[in-house]
Amino acid sequence: MEIMDEFELKKYIPNKSNIKNMTSFFYAFSDDTRLKIIILLMLKELCVGEIADILNINQTTVSHQLKLLKSLNIVECERNGKNVVYYIKNDNIEHVLNASVECI
């Protein structure tokens, strides 16, 4: 193992902006409902009503969580007729979740 001094170690700490973005990113996974929604959307594009039915929760809760996930750039949506369909915006999300499962 290489011995690093304090100065060398500090080079590896992300800047304040990147740290803030990282904590926001991981915040998305810190809620049971959001995590379930993310997992569902990794499997299939779904609308609010479908997610609510699958998770047996109200649509308002789902909409609130999707709005947050969208603001964190985890999900995106597009209109499909009368429905708004949500999907995972970044394929790396699946890698992050798989790595987390391996850690536990």
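The values are calculated or read from the model by the stated rules, or taken from the named source; none is laboratory data. Treat the numbers as computed from the prediction; the structure is a model and nothing was measured. So basically every Cβ, Gly included, is an ideal-geometry build from the backbone, and we count neighbours across all protein chains shown. Side chains included, ligands, DNA and RNA excluded: accessible areas come from the protein's heavy atoms. Shrake-Rupley method; radii C 1.70, N 1.55, O 1.52, S 1.80 Å.
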> Each residue of the stretch 25-41 in turn: what ³J(HN,Hα) in whole Hz from Karplus with 6.51, -1.76, 1.60 and θ = phi - 60°, glycine and Pro shown as x?
Replying inline: 4, 6, 4, 4, 8, 8, 10, 4, 5, 4, 4, 4, 5, 4, 4, 4, 6
> At a Förster distance of 35 Å, what's the computed FRET efficiency of Met4 paired with Asn56, Cβ-Cβ distance as r, to 0.05?
Replying inline: 0.10
> Leu41: accessible area at probe 1.4 Å, nearest 10 Å²?
Replying inline: 10 Å²
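Just add up the charged neighbours of Glu76: K/R +1, D/E -1, any other residue whose Cβ is under 11 Å from the Cβ of Glu76. Don't jump to the answer; show the numbers that get you there.
Working: positive: Lys70, Lys89; negative: Glu45, Glu78.
It works out to a net charge of 0.
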>> From the C-alpha coordinates alone, can you work out the Kirkwood hydrodynamic radius of the chain, in Å?
In response: 15.5 Å
> Which pairs, out of Lys11/Lys67; Lys36/Lys82; Lys16/Lys36, put more than 32 Å between their alpha-carbon atoms?
Replying inline: Lys11/Lys67
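Expected output is a single nm value to one decimal: the length gained when fully extending between Val101 and Tyr27, i.e. 0.36 nm times separation in residues minus the C-alpha distance. What is it?
Values: separation 74, 0.36 × 74 = 26.64 nm, distance 1.67 nm.
Using 0.36 nm per residue and subtracting the Cα-Cα distance, I get 25.0 nm.
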>> Quick check: residue separation of Ser71 and Lys16 times 0.36 nm, minus the Cα distance between them. What number comes out in nm?
In response: 17.9 nm
